[in-house]
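Read through the structure below, which is laid out as C-alpha cells, and then see the notes.
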Amino acid sequence: MRPSAARLLNILVPVKRSVDYAVKIRVNPQQTGVDLNVKHSMNPFDEIAVEEAVRLRERLKDGVKSIKAVTIGPPKASETLRTALAMGADSAIHVEIPESAPAPEPLGVAKALHALIQRGDGEGKVDLVIMGKQAIDDDAGQTGQMLAGLLGWGQATFASKVQVDVEKREAVVLREIDGGSEEIRCRLPLVVTTDLRLNEPRYASLPNIMKAKKKPIEKLTAADLGVDFTPRLETLKVTEPPVRVGGGKVESVDELVAKLKDAGFTAA
Amino acid sequence: MSFLFRRQHLAFISRCRPFSSVGRADVDYFRTFLPTHAILTTLPNDSGSVAPAELDVYNRDWMGKYTGRATTVVKPRSTEEVSKIVRWCNEYDIAIVPQGGNTGLVGGSIPVNDELILSLANMNKVRSFDPVSGILITDAGCILQELTDYIAPHNHIMPIDLGAKGSCQIGGNVATNAGGLRLLRYGSLHGSVLGLEVVLADGTVLDQLTALRKDNTGYDIKQLFIGAEGTLGIVTGVSILTPAAPQASNNVVLALPHFDNVLPLYRKVKRSLSEILSAFEFIDRTAYDLAVKHGQGRGLSDEDVAGAQCFVLVETSGGRREHDEEKLNDLLAELLDAENPLILSGVLSQNPAQFSSLWALREGVTEAISKEGKAYKYDISIPLDKFKVVVDATREHLAERNLIGEHAVKHVMGYGHVGDGNLHLNICAAEYTQEIQDALEPFVYELVASYRGSISAEHGIGAAKTHALHYSKDEVSIELMRKLKALFDPRGILNPKKILE
C-alpha cells in the first residue's frame, strides 16, 4: 500500500438552533426578550456550512475523513444535530445547557469550540471549521473570528466559494466584500464562515433521515470542557420597532399638495 | 326628466337586445348615493369619466382569456347600496356581473357583453368574530388572506386556502364554492358556511346571516347561493365557521415508482396519520419536471427522483409537534423498511422554508405550465383509480391525431387533490389551436362522463363550460336549475350567460 503524504481532512461544523427565520418575532410583555415558544430550526447560515462540508466530501471523496457537527444548546438542540446528520455529517457533539439557562454569548461559544478542538489530537484533529457567519437570532457575527483568534488559525470569513487542496493543505476562498468579492489563499487549519451565496442546502432525504438516527451523538457539559457560559452582557430592554402608520386617500391634487405642505415637504 | 328619456330609449333598444346598456341616467342615479371614487365609468359625464384602460382590471380575467366590454363599475360600501343598485338595474333591465377578486379560472366574473360590474371590493369590513365558537361574520369583499391574518391572533384559521388567497374575496369564494388545499381536512364551504346575507335580483335583502351550527328549519336556502356564481343573488355577507389553528405542520414529498402505488399509499397514510393528515396531493412526473424547470420550489436530488413516475405530497397539521412528528416518522420508517416498498425515496421538510419550498412544487405547477406554453385545463372529479387512465387516454388520443410534439401539444399531465378525488388534467401546447381544442372536446368530457365524474370539480362553470354542463348534469337537473334561475331572477339580470346558456 502506497503511503499517503497528505493527512485527510477532519471538518468540524458548529450549528445553532435558533428561532426560524419565517417566524414573526414577538417581544415578550416584560420586554426582556422575544417569545421563544415558536418554531425553531437550524440557523440558515449553519445549514449552508453543513451543506458545504458535505459538498467538499462529494468533491474530495476520501480526502475528507470526517464531518462532525457540534451544537451548544438546550436538550431540543439535538434535533438540529439530527438534521445535520441527515444532511451528511458523520457524528455529532451536543454541549448541553439547561433549558432555562441564558443563551451563551459569542465568546463563550468560541471558548467552548476552542476547548473541543484542543481536546482532539492525532487522527481526530480538526483541520477545518466551517460555520455560519452569524446566527439570525442575536446577529452577533463574532464567533468565527473569536474562535480563529483563540486558536491562532487563519480565518476566511463571508465565504461565497471554498476550494480545498488536501495535498497542499491549503484553501482558496472567495469572500463577499463591499462592492464585490475577494479571493484569498489560506493555509490549513482554518476557520471559514459562510455567506448566503455559498450554496443552497439540500433537503434531508428519507433514507438519510433514517440513517441519521443511528449516528452517534456525544453529550458534553460546559464543565467537561472547562468553560463558563455565564453572560457578560446585560440586556436592558427589548422593544418592537414602531408600528408603521397607514396611508390615507386624497380626493384631489389640491388636497394632496396641502397635505404635503402640512407634512413639511416643499418644492426645492 | 332624464329618467323619462331613458324609458323611451329602452323601448327602442329592447327590440334588438335583451338588456339595456348602462347610460348616463343610470350613472347619475348611482351618484345620488355613491361617492365619486365608488363609480368608475367611461361614459362621458359631467362629474368626469375615466379612461377605458382603467376598467381593464375589471374587464379582463388574470389569465387574459376573457374580456368584457363593461363601461361602468360600481363599488358599493354597504348592503343597502348593493340593494339600491340591483333594484334599479332590475327595473331598467340592466344586467349585472358581481365581481370579487376576479381570480376565477372560468370567466365567471367577466361580462360577456357590457353588463354593469358590481365590485364588492369596498365591502371589506369584518362584522364580528367570536373566538369561542370560531364563527366569523364578515362583508363579502374581505380578502381571504386578510381574514386569515385577522383571526390568526385568536388562533384560528380560515377553512379554505387557495393559491389566490392574496386577491380573492370571501364572497367570491362562497359564490364559486372554491375548493383548494384544505378541503380534505375541513370540508367544502357547503359545510363551513353557516349563514349568508344575499341581495336578490329585485333588490330584496335575504338575511340568513345566522351563527348557528344547527338549524333544521325547512329548506336550507343559503346552500343554493354557494356555487351559484352570482346567478341567483349577490352575496354581501358571510358567516363562516373557522377551525382552531393547528399548532404544528409538517410535510413530506414522496417519490413513487408507479402510479399504481398511489392508492395503497393513500390508504396506508390515512390509517397511520389519521386525524393529523391535512393534505394528500398528487403530481405526475411531467408536472413535477415542469415545476422544477420553471423554478417553482426546489426539486429533490437526482438520486431521490431517479425512476420515479409520480410524487405525492403529504401534509400533517396537529395540536402537538412531538406527537405529529412521532407518527410521521413511524410511518416513514415503515414505508422505507417495507419488503416491497411503495415509495422509492422522499424528503421531509426540516424548517418552514423547506415546508414552503415543497408546497411550491405542487402549487407552482399551474404557473409553470403557463410559462411553458398555452394550457388547456380540465378540473375534473373522477374515481381515484382512474387518474392515470384519464391522463394516458388523453395523451394517446392526441398522439393518434399526430398532435403530440413541439409543434402542437408539448405535455399532457395530471396533478391534483387525491384526497378529494380531484384531478387537474392539463394539456400544455405551443399555441391555442382549433385542432387541439376539437381533439380534446368533447373527448375529455365524454371520458369523464363515462366514469360518472364531474367536468368541473372546483373551478365552476362560469362562461367557459356552459356548453359542457350536460356531461355532468342530466336533463332533469338542468331543467330544475333553469326553474330556480327563473324563480330567483325572473328577468335574468344576474350574471347572464353564466352556468346556464
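Among residues belonging to the stretch B:66-108 that are open to solvent by 50 Å² or more (accessible area, probe 1.4 Å) and either assigned by TED's automatic domain parsing to the domain that holds B:A201 or outside any loop (DSSP other than H, G, I, E, B) (or both), point out the one that is farthest from B:A201 (Cα to Cα).
B:T67
Just to verify a result, which residue in the stretch B:42-65, among those that are assigned to a loop (DSSP other than H, G, I, E, B) and under 19 Å from B:L120 (Cβ atoms), is modelled with the highest pLDDT? Show your work before the answer.
Restricting attention to the stretch B:42-65, the residues satisfying the condition of being assigned to a loop (DSSP other than H, G, I, E, B) are B:42-51, B:61-65.
Next, from what is left, pick out any that are under 19 Å from B:L120 (Cβ atoms): B:61-62.
Working: B:D61: 87, B:W62: 79.
The extreme case among them is B:D61.
Kindly establish whether B:H411 is more than 30 Å from B:N59 (Cα to Cα), surrounded by 17 or more Cβ atoms within 10 Å (Cβ to Cβ) and in contact with a helix residue (DSSP H, G or I) (Cβ under 9 Å, 6 or more places away or on another chain). Step through it out loud before you land on a result.
Working: more than 30 Å from B:N59 (Cα to Cα): yes; surrounded by 17 or more Cβ atoms within 10 Å (Cβ to Cβ): yes; in contact with a helix residue (DSSP H, G or I) (Cβ under 9 Å, 6 or more places away or on another chain): yes.
Judged against the criteria, B:H411 is a match.
Just wondering, is there one or more residues in the stretch A:223-234 that are of a type in the set (K, R) and more than 30 Å from B:S47 (Cβ to Cβ)?
Step one: list which residues in the stretch A:223-234 are of a type in the set (K, R), which gives A:232.
Pick out the ones that are also more than 30 Å from B:S47 (Cβ to Cβ) and you get A:232.
Yes, the stretch A:223-234 contains a residue that is of a type in the set (K, R) and more than 30 Å from B:S47 (Cβ to Cβ).
Would you point out which residue out of B:G237, B:G166 is small (G, A, S), touching a residue at least 12 places away in the same chain (Cβ under 8 Å), farther than 25 Å from A:A204 by Cα and surrounded by fewer than 19 Cβ atoms within 10 Å (Cβ to Cβ)?
The match here is B:G166.
Take B:Y415 and tell me if it is closer than 16 Å to B:K377 by Cβ and assigned to a strand (DSSP E or B).
Numbers: closer than 16 Å to B:K377 by Cβ: yes; assigned to a strand (DSSP E or B): yes.
Judged against the criteria, B:Y415 is a match.
What number of residues within the stretch A:8-50 satisfy the criterion of being part of a loop (DSSP other than H, G, I, E, B) and within 30 Å of A:K61 (Cβ to Cβ)? Lay out the reasoning, then the answer.
Narrowing the stretch A:8-50 to residues part of a loop (DSSP other than H, G, I, E, B): A:8, A:16, A:20-26, A:28-33, A:35-39, A:43.
Now narrow it down to the ones that are within 30 Å of A:K61 (Cβ to Cβ): A:8, A:16, A:43.
The total comes to 3.
Would you be able to say whether some residue in the stretch B:168-182 is under 30 Å from B:K377 (Cβ atoms) and not assigned by TED's automatic domain parsing to the domain that holds B:T210?
No: zero hits.
Against the condition touching an Asp or Glu at 6+ places or on another chain (Cβ under 7 Å), modelled with pLDDT of 95 or more, of a type in the set (A, V, I, L, M, F, W, C) and within 29 Å of B:F387 (Cα to Cα), how does B:A279 come out, does it pass? Steps first, please.
Values: touching an Asp or Glu at 6+ places or on another chain (Cβ under 7 Å): yes; modelled with pLDDT of 95 or more: no; of a type in the set (A, V, I, L, M, F, W, C): yes; within 29 Å of B:F387 (Cα to Cα): yes.
It is false that B:A279 is touching an Asp or Glu at 6+ places or on another chain (Cβ under 7 Å), modelled with pLDDT of 95 or more, of a type in the set (A, V, I, L, M, F, W, C) and within 29 Å of B:F387 (Cα to Cα).
Which ones in the stretch B:109-119 are outside any strand (DSSP E or B) and buried (at least 24 other Cβ atoms within 10 Å of the Cβ)?
Residues satisfying the conditions are B:S109, B:I110, B:P111, B:E115.
Out of the stretch B:189-221, which residues are within 22 Å of the chain's Cα centre (by Cα) and open to solvent by less than 40 Å² (accessible area, probe 1.4 Å)? Let's see the steps before the verdict.
Of the residues in the stretch B:189-221, the ones within 22 Å of the chain's Cα centre (by Cα) are B:189-199, B:221.
Hits for the stretch B:189-221 are B:L189, B:S192, B:V193, B:L194, B:G195, B:L196, B:E197, B:V198, B:V199.
Taking the residues in the stretch A:183-224 that are out of contact with any Ser or Thr (no Cβ under 7 Å at 6 or more places or on another chain), crowded, with 16+ Cβ neighbours inside 10 Å and more than 18 Å from A:D127 (Cα to Cα) as candidates, determine which candidate is farthest from the other protein chains (Cβ to nearest Cβ).
Filtering the stretch A:183-224 for residues that are out of contact with any Ser or Thr (no Cβ under 7 Å at 6 or more places or on another chain), crowded, with 16+ Cβ neighbours inside 10 Å and more than 18 Å from A:D127 (Cα to Cα), the one farthest from the other protein chains (Cβ to nearest Cβ) comes out as A:A222.
Quickly run through the stretch A:41-59 and pick out the residues that are within 14 Å of chain B (Cβ to nearest Cβ) and in contact (Cβ under 8 Å) with a residue 40 or more places away in the chain.
Filtering the stretch A:41-59 down to residues within 14 Å of chain B (Cβ to nearest Cβ) leaves A:41-48, A:50-51, A:54-55, A:58.
Matches in the stretch A:41-59: A:S41, A:M42, A:N43, A:P44, A:F45, A:D46, A:E47, A:I48, A:V50, A:E51, A:V54, A:R55.
Taking the options A:A171, A:A156, A:A135, name whichever one is farther than 17 Å from A:P14 by Cα, open to solvent by less than 60 Å² (accessible area, probe 1.4 Å) and modelled with pLDDT of 95 or more. Explain how you work it out, then say what you get.
Working: A:A156 fails: farther than 17 Å from A:P14 by Cα; A:A135 fails: farther than 17 Å from A:P14 by Cα.
Every option except A:A171 fails the conditions.
In the stretch B:287-394, which helices (runs of 4 or more DSSP H) lie fully inside it and hold 1 or more residues that are open to solvent by 10 Å² or more (accessible area, probe 1.4 Å), within 11 Å of another protein chain (Cβ to nearest Cβ) and modelled with pLDDT under 90?
B:302-305, B:321-337, B:352-363
Of the conditions (1) more than 24 Å from B:T204 (Cβ to Cβ); (2) under 20 Å from the mean Cα position of the chain (by Cα); (3) of a type in the set (K, R), B:R452 satisfies every one except a single condition; which number is it?
Answer for B:R452: the failing condition is (2).
Inside the stretch B:240-261, can you point out the residues that are polar (S, T, N, Q) and open to solvent by less than 20 Å² (accessible area, probe 1.4 Å)?
Across the stretch B:240-261, the qualifying residues are B:T242, B:N250, B:N251.
Before we move on, is B:D207 modelled with pLDDT of 95 or more, of a type in the set (D, E) and not assigned by TED's automatic domain parsing to the domain that holds B:I94?
Spelling it out, B:D207 is indeed modelled with pLDDT of 95 or more, of a type in the set (D, E) and not assigned by TED's automatic domain parsing to the domain that holds B:I94.
How many residues does the stretch A:16-36 hold that are more than 14 Å from A:D139 (Cα to Cα), within 14 Å of another protein chain (Cβ to nearest Cβ) and open to solvent by 100 Å² or more (accessible area, probe 1.4 Å)?
2
Which of the residues belonging to the stretch B:262-286 are polar (S, T, N, Q) and open to solvent by 20 Å² or more (accessible area, probe 1.4 Å)?
Answer for the stretch B:262-286, where residues must be polar (S, T, N, Q) and open to solvent by 20 Å² or more (accessible area, probe 1.4 Å): B:S272, B:S274, B:T286.
Within the stretch B:124-157, how many residues turn out to be hydrophobic (A, V, I, L, M, F, W, C), open to solvent by less than 30 Å² (accessible area, probe 1.4 Å) and either assigned by TED's automatic domain parsing to the domain that holds B:T36 or not in a loop (DSSP other than H, G, I, E, B) (or both)?
Quick first cut of the stretch B:124-157, residues hydrophobic (A, V, I, L, M, F, W, C) only: B:126, B:129, B:132, B:135-137, B:140, B:142-144, B:147, B:151-152, B:157.
Applying the additional criterion that residues be open to solvent by less than 30 Å² (accessible area, probe 1.4 Å) yields B:135-137, B:140, B:142, B:144, B:147, B:151, B:157.
From what is left, the residues that are either assigned by TED's automatic domain parsing to the domain that holds B:T36 or not in a loop (DSSP other than H, G, I, E, B) (or both) are B:135-137, B:144, B:147, B:151.
Of the residues in the stretch B:124-157, 6 are hydrophobic (A, V, I, L, M, F, W, C), open to solvent by less than 30 Å² (accessible area, probe 1.4 Å) and either assigned by TED's automatic domain parsing to the domain that holds B:T36 or not in a loop (DSSP other than H, G, I, E, B) (or both).
The values are calculated or read from the model by the stated rules, or taken from the named source; none is laboratory data. It should be emphasised that the depicted structure is a prediction, and the values quoted were computed from it without experimental measurement. Using ideal geometry, Cβ is built from the backbone for each residue, glycine included, and neighbour counts are taken over all protein chains shown. The protein model used for the area step is the full one, side chains on, heavy atoms only, and it has no ligands, DNA or RNA in it. Shrake-Rupley method; radii C 1.70, N 1.55, O 1.52, S 1.80 Å.
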